[in-house]
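Notes for the one structure printed next.
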Amino acid sequence: AQKVTQAQTEISVVEKEDVTLDCVYETRDTTYYLFWYKQPPSGELVFLIRRNSFDEQNEISGRYSWNFQKSTSSFNFTITASQVVDSAVYFCALSGIIQGAQKLVFGQGTRLTINP
Amino acid sequence: DAGVTQSPTHLIKTRGQQVTLRCSPKSGHDTVSWYQQALGQGPQFIFQYYEEEERQRGNFPDRFSGHQFPNYSSELNVNALLLGDSALYLCASSLNQGALLDTQYFGPGTRLTVL
């Protein structure tokens with residue numbers, strides 16, 4: 001069975017601080033994708049990044065960076081110099097093919113609050 | 001390029017009623033997945049439609065059913081509504097690439113309240 005754990009339920013920091021959101025996953029698949037989505041108060045899930053299970057290179061996009069480590073089954077997300085607009089619920093998700101269909105398994109989410 | 005659209009935005013129903021939610025996928029996508037997100041929880045997979053057929057189903061009762069049309073749009077139907085069906089219903093679209101995985105893009109959701 002696939003499972004995603006986001007142990008941090010809520011995080012609150014002051015603007016300009018760096019913050020790391022943790023994600024640990026479980027799967028028996030050899031091929032899978034990992035995702036991070038952002039859910040602002042409006043409710044829509046916004047895609048941030050996708051990582052292939054065969055590619056462990058870390059990625060940086062502006063103030064966002066992701067650290068994928070298969071050895072620890074983790075896919076952590078860091079926001080550098082946080083801003084108030086980063087306040088949202090962030091979800092880590094795992095995807096695999098099950099009987100020909102692709103299914104996303106989400107963690108419980110981490111509510112991030114950036115205070116001015 | 002239109003993204004995933006869903007209608008209606010909000011819906012209020014009473015227990016026992018039936019509801020239909022609608023989704024239009026992102027341009028170029030042919031696969032639609034539905035998720036239920038209860039308050040404070042992560043989205044839970046309901047089912048996925050491709051080529052007008054249900055391909056995979058999550059742990060949801062038969063009261064939840066769906067349909068996909070030739071233009072790839074989809075409907076989610078819920079019969080005999082229960083209070084516990086109150087949630088945000090999210091539609092996601094993607095492109096089926098056989099054994100390859102694709103990114104699912106989400107719509108704004110339909111918030112269903114059952115009284």
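The values are calculated or read from the model by the stated rules, or taken from the named source; none is laboratory data. Please read these numbers as outputs of a predicted model, since none were measured by experiment. No Cβ is skipped: glycine too gets one built from the backbone with ideal geometry, and neighbour counts run over all protein chains shown.
Data for the structure
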read-out: Selection status of residue A:66, crowded, with 17+ Cβ neighbours inside 10 Å, within 13 Å of the chain's Cα centre (by Cα), farther than 25 Å from residue B:39 by Cβ and not small (Gly, Ala, Ser); value: yes
read-out: Sole exception among (1) facing chain A (nearest Cβ under 9 Å); (2) more than 24 Å from residue A:46 (Cβ to Cβ); (3) of a type outside the set (A, V, I, L, M) for residue B:40, by number; value: (2)
read-out: Any hit, the stretch A:50-57, residues being surrounded by 15 or more Cβ atoms within 10 Å (Cβ to Cβ), in a strand (DSSP E or B), at negative phi and free of Cβ contacts under 8 Å to residues at least 40 places away in the same chain; value: yes
read-out: Residues within the stretch B:8-25 that are within 11 Å of residue B:112 (Cα to Cα) and either within 14 Å of chain A (Cβ to nearest Cβ) or surrounded by 11 or more Cβ atoms within 10 Å (Cβ to Cβ) (or both), tallied; value: 9
read-out: Test: residue in the stretch B:26-35 that is of a type outside the set (A, V, I, L, M, F, W, C), under 29 Å from residue A:90 (Cβ atoms), within 11 Å of chain A (Cβ to nearest Cβ) and touching a Cys at 6+ places or on another chain (Cβ under 9 Å); value: yes
read-out: Single match in B:49, B:89 (criterion: closer than 16 Å to residue B:110 by Cβ and either buried (at least 18 other Cβ atoms within 10 Å of the Cβ) or among the small types (Gly, Ala, Ser) (or both)); value: B:89
read-out: Count of the stretch A:6-49 residues which are surrounded by 12 or more Cβ atoms within 10 Å (Cβ to Cβ) and not in a strand (DSSP E or B); value: 15
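For every residue, the table says whether it meets (1) modelled with pLDDT of 90 or more; (2) within 12 Å of the chain's Cα centre (by Cα).
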position	(1), (2)
A:42	no, no
A:54	no, no
A:78	yes, yes
A:83	yes, no
